[in-house]
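Written below as structure tokens is the structure these notes are about.
The values are calculated or read from the model by the stated rules, or taken from the named source; none is laboratory data. Just so it is clear, the structure is predicted and the values come from calculations on it, not from any experiment. Here Cβ is always computed from backbone atoms with ideal geometry, including for glycine, and neighbour counts include all displayed protein chains.
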Amino acid sequence: MDDLKEELKRQLIEQLNLEEITPADIDDNTLLFSDKGLGLDSIDALELIVLLEKYHGIQVTKPEEGKEVFRSVNSMAEYIRKRQN
Amino acid sequence: MYYISAASTISHQPAFRNAGFSGVIEPLHAGSALINPDYKEYIEPGLLRRMSKILRMSVACSGDCLKQGGIEQPDAIVVGTGLGCLLDTEKFLNNALTVKGLLPPTSFIQSTHNTMAGQISLSLGNHGYNMTHTQNSISFENALLDAMLLIDEGEKHILVGAADEHIALLDEISAQLNIQSDCGLTSGASFFILSAEKSDQTLAGIKDAEALGLVKNIPEQITAFLDRNNVNPDDLDLILYAGSVAGTEDGEKDFQSLLKMKNLPVLDYMKYSGIYPTASAFALHMAADQMQHTRSIKNILICNSLIQHNLGLILVQSVEA
Amino acid sequence: MSVRITGIGIVSAIGLGVQENLLALKESRTGIMPFSFPDEDKMFMAGAVKATNPVLKKELQTKSQYISRTTLLGLKAAREAYGSAKHHDQIRTGIISATSVGGMDLSEQFYQAYLNGTDADFAMLKAHDSGSTTEHIAAELRISGYMNTLSTACSSGANAIMLGARLLMQGKLDRVLVGGADALTNFTVNGFRSLMIYDEQWCRPFDASREGLNLGEGAAFLLLENEKSIRFSGNKTLAFLNGWANAADAYHQTASSPEGKGATLAMQKAIEKSGISLSQISYINAHGTGTKNNDLSESVALINVFGDQVPAFSSTKSFTGHTLAAAGAIEAIFSVLAIQNQLIYPNIHFRTPIMETGLEPVTIMQTEKPVHAVLSNSFGFGGNNSSLVFSDHA
């Protein structure tokens, strides 16, 4: 199990107030912004930028940058590791 | 006459989806709580997860009203709120002053007064007129007057309502500012469908309403309002009031002496709703519910002077079946 | 269908009063400049009103200790618009103001002290609720009776004007003072930053490189009167309000729909109500905040309504900043001034059109063409879209 990904799932649920969802419901590849996945919207994207800064010390200055990063838990973890190295 | 085709309230009383509730209500006591429905039944999860109390109450009541009235889309959505979305406002204010770095935007977005009306339009996909009135204790009456104006202009069905939410800070503020109250500060929401025409669904009619700010002579305004509507004091079956028309402690006596009617039933509706700026919307639902279930009641006057210099008046009349 | 406008008053980043605003517009002089809140170092671009609270209080001769900046700005503009109007028993007078955050400038001072645990002054909160700003202005002008405050975020000011017109048309009032006011606050500046739509440079409405808005502050009021009221007041008619409409976009909590549904509906209905044909619209004072989303959506809506004949348009937010609930009222007054003085204002800082639509706003002040009718747009959070049509004829 990838600790960073599990941590991200818990942070996602808390930051976005996903009341009915548990970390187990989120697959590493679940599409966060697709209606077939979590169905998040542009307000959530901004909340995710806050999440990256708050928990991982990573700053995203343009919301557009987030598009690829926030595709899935996998892509978020990958981005965090890349930025931290 | 304007017709109430549906009404929905979330409060301390068992009013939600419970016609006839006005027959079983009891004055609030310490520790009594809001009776919340299962919001999941009324609001889709994607919208619900971000919603504060005031938004949940407003969207659930609106949905319930439309269902009762059998109306898919109202012509307009009009909301009154005295203090708006306090939970989100305080949350963002707190974050802005304490968090270094990026701030979560959701509470800012939902701090604006028109979040209720906006969320209702979003949940319905409604493209009609969308308005939010906020004039402290007469916010609901102002919203109602707008809805009546829309009907005068030719619209058929207006979703009109009011909501306010309580936060802990309000209790501290009222204690600090020495604002006395027998019944506690709380939250509440009431929504209605106001229609141009009478139908099988009609609960009651609204003959007239008025909202006045910086009013000088409240008793004079009340008698003028009744005169204008050709209602004699002895036509009134009940007065629902808040605040005091003569500035004394005994609201009941004040009304009885003002209208020279010793046995006129007079009821302080805030004893049942608790205190919030738009509680007169609760009173309107209570009045309509009573008329629906006690056929002998023809005229109810709602008189709101919760804040002494503001006056809200609503004349509710029964509608013959 | 029309309502007479007989008084105007304004306070904005480009001036205190109608004359100062008109002069700055004529000189194409923006009021947006580096600004910081008292006791703070961080500078940012904003359209602040160039008068401190003590100066405004002195000028307005108000002694009230607990008066928010929003109320001070509102009162200044309301006095100018109301002029020497007197109470008259036969004339039913009302007031409708608009504000998005009311007395937040005081509330945030209170809350800071409250959090610090240092003698927080709870009485400051008496000015918090939006309705109290209207009440305060009404009390100073001795208006009582119909009194209302609208709060629909950035379209509030336009909605106050619309409601006033409807009350006159339905014979509920004889004259009504309508407008809006909002002061710059930490709350709103931080709010738009959290949405990542606060441009730290000069805002560039309708430009391809736009990055967001600059906030501004200010207030504006208009006096609307019916014939009966004018017989008593003897006021001259400055311009007419001919059409109005509000429509919900019902797309997203903050963003406008890509097809500009709500904006299109608002413009179409307002123009239809005015009875003025599309080709007669001389100028459009756009909402044009400078955010990527609004300006694209509004451009699409302009094309929906006008096809390839989009009239001259610009966003005067490049002069004043985005003044939130005051914006609709401030821009209504700019619309009246455009008609009175035959002016079409430039959109400052515009260089490159938005690729998707190719629309180009006016970039140099135009004074040669007659301006008979102006469309003014105001769009807000929650998809609240309003349009007003002003003209030189009934």
Out of (1) on the phi < 0 side of the Ramachandran plot; (2) out of contact with any Lys or Arg (no Cβ under 8 Å at 6 or more places or on another chain); (3) assigned to a loop (DSSP other than H, G, I, E, B); (4) not charged (D, E, K, R), the one C:H87 does not meet is (2)
Of the residues in segment C:16-61, those that are touching a helix residue (DSSP H, G or I) at 6+ places or on another chain (Cβ under 7 Å), part of a loop (DSSP other than H, G, I, E, B) and hydrophobic (A, V, I, L, M, F, W, C) number 2
B:T248 vs (1) surrounded by 22 or more Cβ atoms within 10 Å (Cβ to Cβ); (2) assigned to a loop (DSSP other than H, G, I, E, B); (3) polar (S, T, N, Q): all pass except (1)
Taking segment C:147-171 and keeping only residues that are within 7 Å of chain B (Cβ to nearest Cβ) and in contact with a Lys or Arg (Cβ under 9 Å, 6 or more places away or on another chain), one is left with C:R166
Restricting attention to segment C:256-285, the residues that are aliphatic (A, V, I, L, M) and touching a Pro at 6+ places or on another chain (Cβ under 7 Å) number exactly 2
- Hey, does segment C:113-127 have a residue that's of a type in the set (G, A, S) and surrounded by 21 or more Cβ atoms within 10 Å (Cβ to Cβ)? yes
Here the residues within segment B:62-84 that are aliphatic (A, V, I, L, M), in a loop (DSSP other than H, G, I, E, B) and facing chain C (nearest Cβ under 9 Å) are B:L83
Expected output for segment A:1-16 (first residue under 10 Å from A:L51 (Cα atoms), partner of a type in the set (F, W, Y), Cβ below 7 Å, 6+ apart or cross-chain) is A:Q11/A:Y55
Cβ pairs under 6 Å, 6+ apart or interchain, first in segment B:193-210 and among the polar types (S, T, N, Q), second outside any strand (DSSP E or B), ordered by first then second residue, are B:Q201/B:G69; B:T202/B:V319
Wholly inside segment C:199-299, strands (runs of 3 or more DSSP E) that include 1 or more residues that are away from chain B (no Cβ under 14 Å), surrounded by 20 or more Cβ atoms within 10 Å (Cβ to Cβ) and β-branched (V, I, T) are C:283-285
Scanning segment B:85-123 for residues that are facing another protein chain (nearest Cβ under 7 Å) and in contact (Cβ under 8 Å) with a residue 60 or more places away in the chain, the one nearest to A:K54 (Cα to Cα) turns out to be B:T115
Apart from one, (1) more than 7 Å from chain C (Cβ to nearest Cβ); (2) assigned to a helix (DSSP H, G or I) all hold for B:V160; the odd one out is (2)
Apart from one, (1) over 19 Å from B:L47 (Cβ atoms); (2) within 9 Å of chain B (Cβ to nearest Cβ) all hold for A:E47; the odd one out is (1)
(1) under 20 Å from the mean Cα position of the chain (by Cα); (2) surrounded by 24 or more Cβ atoms within 10 Å (Cβ to Cβ) all hold for C:I143 apart from (1)
Within segment B:41-61, restricting to residues that are part of a helix (DSSP H, G or I) and modelled with pLDDT under 95, the one that is surrounded by the most Cβ atoms within 10 Å (Cβ to Cβ) is B:L48
Picking from C:E80, C:E108, the residue that is in contact (Cβ under 8 Å) with a residue 40 or more places away in the chain, outside any loop (DSSP other than H, G, I, E, B) and more than 27 Å from C:F334 (Cβ to Cβ) would be C:E108
For this session: Would you confirm whether any residue within segment A:38-49 is polar (S, T, N, Q), within 16 Å of B:L102 (Cβ to Cβ) and modelled with pLDDT under 95?
Result: yes
Residue pairs qualifying under the 7 Å Cβ cut-off, at least six apart or on distinct chains, with the first in segment C:120-139 being more than 9 Å from chain B (Cβ to nearest Cβ) and among the aliphatic types (A, V, I, L, M) and the second being assigned to a loop (DSSP other than H, G, I, E, B) and surrounded by fewer than 24 Cβ atoms within 10 Å (Cβ to Cβ), are C:M124/C:Y66; C:A127/C:Y66; C:A127/C:I67
Residues of segment B:140-157 being facing another protein chain (nearest Cβ under 9 Å) and part of a helix (DSSP H, G or I), in sequence order, are B:N142, B:L145, B:D146, B:L149, B:L150, B:D152
Those residues of segment C:111-133 which are over 25 Å from C:I95 (Cα atoms) and either of a type outside the set (A, V, I, L, M, F, W, C) or not assigned by TED's automatic domain parsing to the domain that holds C:L150 (or both) amount to C:Y111, C:Q112, C:Y114, C:N116, C:G117, C:T118, C:D119, C:D121
By residue number, the members of segment A:16-50 that are surrounded by fewer than 18 Cβ atoms within 10 Å (Cβ to Cβ) and outside any loop (DSSP other than H, G, I, E, B) are A:P23, A:A24, A:D25, A:S42
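Yes or no, residue by residue, for (1) away from chain B (no Cβ under 14 Å); (2) surrounded by fewer than 17 Cβ atoms within 10 Å (Cβ to Cβ); (3) of a type in the set (S, T, N, Q); (4) touching a Gly at 6+ places or on another chain (Cβ under 6 Å):
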residue	(1), (2), (3), (4)
C:L23	yes, yes, no, no
C:R29	yes, yes, no, no
C:M33	yes, yes, no, no
C:L56	yes, no, no, no
C:Q65	yes, yes, yes, no
C:A77	yes, no, no, yes
C:H87	no, yes, no, no
Does segment B:128-139 contain at least one residue that is more than 18 Å from the chain's Cα centre (by Cα) and either surrounded by fewer than 24 Cβ atoms within 10 Å (Cβ to Cβ) or outside any helix (DSSP H, G or I) (or both)? yes
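Conditions tested, residue by residue: (1) within 18 Å of C:I271 (Cα to Cα); (2) in contact with a helix residue (DSSP H, G or I) (Cβ under 8 Å, 6 or more places away or on another chain).
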residue: C:V310; (1), (2): yes, yes
residue: C:G321; (1), (2): no, no
residue: C:L324; (1), (2): no, yes
residue: C:I333; (1), (2): no, yes
residue: C:L337; (1), (2): no, yes
residue: C:L343; (1), (2): no, yes
residue: C:G358; (1), (2): no, no
residue: C:N377; (1), (2): yes, yes
residue: C:F390; (1), (2): yes, yes
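So that you can scan it fast, the table gives a plain yes or no per residue for (1) closer than 20 Å to C:N242 by Cα; (2) under 16 Å from the mean Cα position of the chain (by Cα); (3) of a type in the set (D, E, K, R):
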| site | (1), (2), (3) |
| --- | --- |
| C:V300 | no, no, no |
| C:K317 | no, yes, yes |
| C:T320 | no, yes, no |
| C:E331 | yes, yes, yes |
| C:L343 | yes, no, no |
| C:F350 | no, no, no |
| C:P353 | no, no, no |
| C:L359 | no, no, no |
Filtering segment B:279-298 for residues that are surrounded by fewer than 24 Cβ atoms within 10 Å (Cβ to Cβ), touching a Gly at 6+ places or on another chain (Cβ under 9 Å) and among the hydroxyl-bearing types (S, T, Y) leaves a count of 1
